[in-house]
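As structure tokens, the structure follows; a few thoughts come after it.
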Amino acid sequence: MKMTRAGDLMIPLEKYPHMPHWFTLRQAIVEMENSVLEIDGRKSLPRVVLVFDEKYQLVGLLRRRDILRGLEPEFLTDKPLDYRKKLFDVKVDPNLSEISFDKILEGVRRRADRPVSDVMIPVAGTADYDDHIVKVVYEMNANKFSLLPVLKDGRVVGVVRTVDVFREFAKLVI
Amino acid sequence: MTQAGKYSEGDWGDGAELRTIRDKFSHFRRLLDHNHQALEILGDMEEKSQGKYLFDLNFIRSRLADLRANVSEIIRCLVTLGGDHYQVLQERFTLIDDQIELVFPSNRPIREDAYCRRFDTLSRMNSYSVGSKNAQLGEMISKLGLPVPAGFAITAWAYKRFIDSNDLQNRISERIDSVDIRSFYDLVRVSGEIVDLIRASTVPNDLAEAILEHARGLTTKVQEARFSLRSSAIGEDTLFSFAGQYASYLNVRADQLVRRYREVLAGKFTPQAIYYFLSHSLSESELAMSVGCVAMVEAAAAGVVYSRDPVNPVDDHVLVNAVWGLGKFLVDGTLTPDNFRVSRRGKLIEAQIADKPVQLVMDTHGGTVSRPVPPKLRQKPSLTNKQLRNLARYAVLLEDHYACPQDIEWVVDQKGKLLLLQTRPLQVQAIQPGTPLPDLSEARVLVSGGNTVCHGAGCGRVHHVTSAHDLPSVPEGSVLVAPNPFPGLVTVMNKVSALVTRVGGVASHMATIAREYRVPTLTGVPDALNLPAGEIATVDATGAVVYHGRLDELVQARHPEYNLSDEESIFDILGRVLDLVSPLRLLHPEDDDFQVENCVTLHDITRYAHQKATEEMFYRATDIADKERISLRLKTDLPVTVGLVYLDRGRRASGRRGWVKEEDLGSIPMRAFWNGVKQEGWPQSGGDEHALKLTMKDRGALPFSENSFAALSEEYMILSLRFGYHFATVEALCSDNINKNYINLQFSHGGSTFDRRARRVRLMTRILREMEFECRTKGDFLEATVSYKDAEAMVSKLTRLGRLTIMTKQLDMALSTDQVASWYLNDFLKRLDLVEVPVPADRPEKGSDR
């Protein structure tokens, strides 16, 4: 079997959504909703947007749930997690039922103007362009990553996703 | 810069102290002008490299020449501004330039070799010595064991011996240099002179003896033997096809060999060959000539096999063209050949048998003669199924061996044995799948039928030619109609929009060149000569129909997508030139590696020079008086440094301690623009900077803005901004005189990929048009101008422009698709209170308005 490298599997950066860190959550949503990835004739929506600084250095990853977290109302986010959990434990929480929909909407719209750097997650792992597919799989499993940025000479040149790795293995097995 | 110079009228103060600044500023201005021109050229070259426009090597050469001239001027201006220590940039420039030159087929010195070399001692590694044609014949014998006639190559070293011993090089160069490439008569005149020169020269004895000795080695009965001599130019078939551009001689007796060798050398200078290499900006010294000498094969049939259909490469069939007799009548377009389509395993799929009234055969006294084909053979297939099977096998083998489709010449001798005469890469085209065609039901068909030689459609006025003598009068952009694809047609390839001939197949030499020049071409159209001269017609070469009138939509729809994978294609050259010209490696002036020695592209040099010139002009005053005046900076809470120079103020009026408050700007246009910038505000990450720093090891996120600067007077401003990677210059005059007022914006580059940068430029173009700007784009370069508006309108436009500048800062990064771009377009139009333009989400916008 020919050795497959991260570089063979990756989606090149020019095809993958990315944006500067000061862009807003609203702009990130536009990016996610309007970028269709077509790989080998199969279409999908990107689940992650890469976030760069002014010098085109990768500074973070933004997932859908990070965006949702960024849109959450303040009365939840400024409380500790165990409080929030408790809040939803009761059948009907008085706080929730009293909130007007308009008020929530207004808040969400306001929070959509927050910069993505507020909610993005740090880059905890990367793959090198020449990394063997097995190493890519190891990285993904060990750290529960579904997407790894691929570096070549220290610069991000693309991303490799679990689905791409999965397909490569599928070809071997089926 | 289009509006250059307007600022000077009446804006200057009289004080002597301003004179130094004025001088400096004029050098600086010149540098900016050249910088803009350089960026525009870069944009143009990058756009061409995307494969949608026609260009040739000449284009690359001439754009490169313009670029060099501008970069040289930039360096000169910088040296004038800042002093001799910037001469190192010139050295850097020379270094890069030398590398660029290496991309072109250059003055590679001719390597010493034997005068003659047998084919079976050659392989493709020898092409520098014996030319590609000979080298591939050697490769076929020595590496693949394919049947090739016995023969030898007379090397480039022999050519050099001939040229040197007769002192010809200079005499030829003088004549070539004097030629007017647009005049066919001039080409003919110079060609004649050079041919005479060569004919009057002597082949030195040692060379003549070497040729004869090798000829004797090919046969036992040398008296009766016949040879063919064919040119094999160095560089031929690699970069350019040169198909059929050089003479060859068939059926040559041994005692005529040396004289004919000299004729082949002379044949290098036919009018069409001179045209071809001048139009590709090659010089004759770059193309040494090797000649192949082959034991003549008495041909029963001959022709060409393509390992793939050049106009439909996915079809996977092998294409064979064949005629009776020698192959010349096929490749020069005299005859419409038999056309066979064979599967890769050799099964005959389709046969179109042509009427072949004549054949070219060997004359008993030497040379060739045209003879009628016996009536019973005229409409018979010129190849048997077995021969077709073998041809297909060879073709597939050669394609596999060279890893690209091949164009192979072959011959069948009187005993039915197949021999291969030449192989070379085949230029293939693919059409864009699924391009919707316009409704053609109303279009009037003038003629139809024929072979698609080069895909596409073109329209223009019908112009008939019958021979090379008619060629000088061919008008630009015409639809050219000829009885057959004669070789001289190559001299008008870059003028015509389409080509139609009455006879000819897909395999003539002209066809190869038509594909190279991408001229939509149909051959073998029975009624071609009935096309009405002077009428406008649209040739749909792909659909093999000629329509009446101009059908622009059809031309658009037929726009072919070319095969760009060809290893030595013109795109490849442009790509390699761009690698040394376009990428920006120097990024931030505060980076440690922002140094002359790190300039690796011409773009780096302009970037470096621009930065240093700005520093010299605005920040590095040479004396104390200058320093107080020149080192003014704008006091602002935005994270930008803006150096200011006043062209109409003495130093006392210029604010204290070198800082100018925003409210004291004292320039109408600058104040208006800056209001816009302030209104939009600097894009902030807002979050906690520490978090950012933690995300990337060893790299903190620095505020990223560079030194921008402005030269100002009360009514004038030139502002140069660098926000991120993009680069914008805004020049404006805002006075009571409507006729003098203007705003000029130039905008280019960015840190992202070309696609995204071009999307941003398209988006800005749309917005600027809404603001009444006239826009011109080239790739990712945008120039926009508005003039003749009153001061109030100018102020409002400048404020919007200020806002737009901030809005689009590094926006290119996010423009991953046209849909995303269209969302931003609508968002910006709304935010700028401009008319909302609905953009269909599924259609990309049209690019430039050129």
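The values are calculated or read from the model by the stated rules, or taken from the named source; none is laboratory data. The shown structure was predicted, so the numbers you read here are calculated from the model rather than taken from an experiment. No Cβ is skipped: glycine too gets one built from the backbone with ideal geometry, and neighbour counts run over all protein chains shown. For accessibility, only protein heavy atoms count, side chains too; no ligands or nucleic acids. Shrake-Rupley method; radii C 1.70, N 1.55, O 1.52, S 1.80 Å.
Could you grab me the full set of residues in segment A:122-154 that are in a loop (DSSP other than H, G, I, E, B), in contact with a strand residue (DSSP E or B) (Cβ under 8 Å, 6 or more places away or on another chain) and away from chain B (no Cβ under 14 Å)?
A:Y129, A:D130, A:D131, A:S146
Out of B:R550, B:R502, report the one residue that is open to solvent by 40 Å² or more (accessible area, probe 1.4 Å), at pLDDT 75 or above and within 28 Å of the chain's Cα centre (by Cα).
On the way: B:R502 fails: within 28 Å of the chain's Cα centre (by Cα).
Every option except B:R550 fails the conditions.
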Original post:
B:N166 passes all but one of (1) open to solvent by 20 Å² or more (accessible area, probe 1.4 Å); (2) more than 30 Å from B:M296 (Cβ to Cβ); which number fails?
Top reply: (2)
Subject >> Among (1) open to solvent by 70 Å² or more (accessible area, probe 1.4 Å); (2) assigned to a strand (DSSP E or B); (3) in contact (Cβ under 8 Å) with a residue 60 or more places away in the chain - the single one B:V314 does not satisfy >> reply: (2)
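Could you please let me know if B:L768 is within 14 Å of chain A (Cβ to nearest Cβ), within 23 Å of B:A672 (Cβ to Cβ) and free of Cβ contacts under 8 Å to residues at least 60 places away in the same chain?
Values: within 14 Å of chain A (Cβ to nearest Cβ): no; within 23 Å of B:A672 (Cβ to Cβ): yes; free of Cβ contacts under 8 Å to residues at least 60 places away in the same chain: yes.
So B:L768 does not fit the description; no.
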Original post:
Any idea which residue in segment B:455-469 is least open to solvent (accessible area, probe 1.4 Å), counting only those that are over 28 Å from the mean Cα position of the chain (by Cα) and closer than 18 Å to B:E535 by Cβ?
Top reply: B:V465
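Yes/no matrix, rows are residues, columns are (1) β-branched (V, I, T); (2) closer than 25 Å to B:R558 by Cα; (3) assigned to a loop (DSSP other than H, G, I, E, B):
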{"position": "B:L391", "(1), (2), (3)": "no, no, no"}
{"position": "B:E409", "(1), (2), (3)": "no, no, no"}
{"position": "B:V412", "(1), (2), (3)": "yes, no, no"}
{"position": "B:Q422", "(1), (2), (3)": "no, no, no"}
{"position": "B:L440", "(1), (2), (3)": "no, yes, yes"}
{"position": "B:R461", "(1), (2), (3)": "no, yes, no"}
{"position": "B:P475", "(1), (2), (3)": "no, yes, yes"}
{"position": "B:V496", "(1), (2), (3)": "yes, yes, yes"}
{"position": "B:V500", "(1), (2), (3)": "yes, yes, no"}
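Name the residue, out of B:G534, B:G524, B:G543, that is out of contact with any Pro (no Cβ under 8 Å at 6 or more places or on another chain), modelled with pLDDT of 90 or more, open to solvent by 10 Å² or more (accessible area, probe 1.4 Å) and not polar (S, T, N, Q).
Values: B:G524 fails: modelled with pLDDT of 90 or more; B:G543 fails: modelled with pLDDT of 90 or more.
Only one candidate passes the filter, namely B:G534.
So which helices (runs of 4 or more DSSP H) stay within segment B:568-654 end to end and still have 1 or more residues that are within 27 Å of B:V71 (Cβ to Cβ), within 29 Å of the chain's Cα centre (by Cα) and at pLDDT 75 or above? Before you say what the answer is, go through the steps one by one.
On the way: elements: B:570-581, B:602-614, B:624-630.
The qualifying helices (runs of 4 or more DSSP H) are B:570-581, B:602-614.
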**OP:** Read through the list (1) at pLDDT 85 or above; (2) away from every other protein chain (no Cβ under 14 Å), then give the number of the only condition that B:K778 fails.
**Re:** (1)
Subject >> Cβ pairs under 7 Å, 6+ apart, first in segment B:43-57 and among the polar types (S, T, N, Q), second modelled with pLDDT under 75 >> reply: B:S49/B:F571
Original post:
Tally time: how many residues in segment B:367-399 are under 12 Å from B:R344 (Cα atoms) and open to solvent by 40 Å² or more (accessible area, probe 1.4 Å)?
Top reply: 4
**OP:** Return the residue satisfying two criteria in turn: it lies in segment B:772-824 and is closer than 23 Å to B:A38 by Cα and among the polar types (S, T, N, Q), and of such residues it is surrounded by the fewest Cβ atoms within 10 Å (Cβ to Cβ).
**Re:** B:T785
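Could you please let me know if B:V358 is crowded, with 24+ Cβ neighbours inside 10 Å, of a type in the set (A, V, I, L, M) and either more than 39 Å from the chain's Cα centre (by Cα) or not assigned by TED's automatic domain parsing to the domain that holds B:Y115 (or both)? Step through it out loud before you land on a result.
Details: crowded, with 24+ Cβ neighbours inside 10 Å: no; of a type in the set (A, V, I, L, M): yes; either more than 39 Å from the chain's Cα centre (by Cα) or not assigned by TED's automatic domain parsing to the domain that holds B:Y115 (or both): yes.
Against the criterion (crowded, with 24+ Cβ neighbours inside 10 Å, of a type in the set (A, V, I, L, M) and either more than 39 Å from the chain's Cα centre (by Cα) or not assigned by TED's automatic domain parsing to the domain that holds B:Y115 (or both)), B:V358 does not qualify.
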Original post:
How many residues are farther than 25 Å from A:Q57 by Cα and either loosely packed, with under 12 Cβ neighbours inside 10 Å or of a type in the set (F, W, Y) (or both) when one looks only at segment A:142-174?
Top reply: 7
**OP:** State which residue pairs qualify: first residue assigned by TED's automatic domain parsing to the domain that holds B:I767 and inside segment B:786-803, second residue open to solvent by less than 50 Å² (accessible area, probe 1.4 Å) and basic (K, R) in any location, beta carbons under 9 Å apart, and separation of 6 or more residues or different chains.
**Re:** B:V786/B:K797; B:K789/B:K797
Original post:
Name the pairs: first residue in segment B:380-394 and in contact (Cβ under 8 Å) with a residue 12 or more places away in the chain, second residue open to solvent by 90 Å² or more (accessible area, probe 1.4 Å), Cβ to Cβ under 8 Å, at least 6 apart or on different chains?
Top reply: B:R389/B:K347; B:A392/B:R345
Original post:
Which number in (1) without any contact (Cβ under 8 Å) to a residue 40 or more places away in the chain; (2) at negative phi marks the one condition that B:M140 misses?
Top reply: (1)
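Find the residue count for segment B:143-165, including only residues that are closer than 30 Å to B:K415 by Cβ and in contact with a helix residue (DSSP H, G or I) (Cβ under 9 Å, 6 or more places away or on another chain).
11
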Original post:
Scanning segment B:424-455 for residues that are modelled with pLDDT under 90 and β-branched (V, I, T), which turns out farthest from B:G145 (Cα to Cα)?
Top reply: B:T435
